[in-house]
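These notes concern the structure reproduced below.
The values are calculated or read from the model by the stated rules, or taken from the named source; none is laboratory data. This one's a predicted model, so the numbers in the text were calculated from it and none came from an experiment. For neighbour counting, all protein chains shown are included, and Cβ atoms are generated from backbone atoms with ideal geometry for every residue, glycine included. All accessible areas refer to the heavy atoms of the entire protein, side chains included, with ligands and DNA or RNA removed. Shrake-Rupley method; radii C 1.70, N 1.55, O 1.52, S 1.80 Å.
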Amino acid sequence: MTSEQIRALLNLPDMLDVPSALVVEPHPDDNEVGAGGTIKKLTERGCHVVYFTATDGRAGSEDPSVTAEDMVRIRMAERQQASAILGVEGSYNLGFEDGGSWSERDLMLTLVPILRQFRPALVMTVDPWAPYESHPDHVKTGRAVAAALIYAKNGVVLKGQGDPYEVPQIAFYGSAWPNVFVDVTETWESKLAALQAHRSQFDTPLWPMLSAYFGAEAEQLYHEQIDANRPGKAEAFKLLASMQMHFFPEAMRS
Ligand SMILES: [Zn+2]
């Protein structure tokens, strides 16, 4: 059964028609890289979007004249600017150390009460199961978010930390097995502006190369998945109903 068929059976809305979304990123800037055009599109359509950033971004500079504390301050300010450009309503920092020894479970325990409080119609995060994804913060964050979905709906686990809530669906960006492609041609400039708000990361000699790479990748996706006869840009997601997140081996191909 395809993901689309399952979502139709469950009466789940299209990804762009959800009223609220909670987007969890490992580092400040990941949400923009993976989903900036789609997030802008969602907020333009009236969707209430909030960000949660797992780590403080202190590993974002190797310049010895910049202290870790300075880097954290800089990146938190950049994150606020970037999310504001995309129309995000709230941006929260969970404060785990960038590159630190925190565990997937630590983050999962933090996220369960948050999901129960915010009760989003959609959760978005990085795909931790992409082959060759080797950044520990990305793997831990994606898996912690997925595990938090499982426990947020269970009234026995973390009893007393909010009323149980089942997140209906989850969209992973950076997925090797995407099943939803969003036309972000109209919001591409906003995505680039939001990326550039992360000046500590992208105001560098590499930006022309990086922005060209992001653009070429998005154009190829559009050409292959949306319309081969017109130019455009797309972002890709692995969208799953929460019931596909447990004992559902077909999820990879769904
Ligand atoms: Zn990252």
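For beta carbons closer than 8 Å, sequence separation of 6+ or different chains, a first residue in region 61-74 that is on the phi < 0 side of the Ramachandran plot and a second that is aromatic (Phe, Trp, Tyr) and open to solvent by less than 70 Å² (accessible area, probe 1.4 Å), there are no qualifying pairs.
Per this entry, Asp17 is not counted among residues that are touching an Asp or Glu at 6+ places or on another chain (Cβ under 7 Å) and among the charged types (D, E, K, R). Considering region 213-249, and only residues there that are of a type in the set (Ser, Thr, Tyr) and at pLDDT 95 or above, the residue that is farthest from Val33 (Cα to Cα) turns out to be Tyr222.
Would you confirm, using the coordinates I've provided, whether Val126 is under 11 Å from Phe172 (Cβ atoms) and surrounded by 21 or more Cβ atoms within 10 Å (Cβ to Cβ)? Here the answer is yes, as Val126 does meet what is asked. Out of Glu224, Glu235, one residue alone is in contact with a helix residue (DSSP H, G or I) (Cβ under 6 Å, 6 or more places away or on another chain) and either part of a helix (DSSP H, G or I) or crowded, with 21+ Cβ neighbours inside 10 Å (or both). It is Glu235. Of all residues in region 8-34 being open to solvent by 70 Å² or more (accessible area, probe 1.4 Å) and of a type in the set (D, E, K, R), which is nearest to Glu44 (Cα to Cα)? Filtering first and then ranking leaves Asp17. Number of residues in region 18-54 that are within 16 Å of the ligand (Cβ to nearest atom), closer than 20 Å to Leu107 by Cβ and of a type outside the set (Gly, Ala, Ser): the value is 13. For region 114-147, the set of residues classified as within 12 Å of the chain's Cα centre (by Cα) and within 15 Å of the ligand (Cβ to nearest atom) consists of Met124, Thr125, Val126, Asp127, Pro128, His138, Thr141, Gly142, Val145, listed by residue number.
Here's the yes/no breakdown for (1) open to solvent by 40 Å² or more (accessible area, probe 1.4 Å); (2) in contact (Cβ under 8 Å) with a residue 40 or more places away in the chain; (3) within 22 Å of Pro13 (Cβ to Cβ):
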position: Glu78; (1), (2), (3): no, yes, no
position: Met108; (1), (2), (3): no, yes, no
position: Ala144; (1), (2), (3): no, yes, no
position: Lys153; (1), (2), (3): yes, yes, yes
position: Gln161; (1), (2), (3): yes, yes, no
position: Glu189; (1), (2), (3): yes, no, no
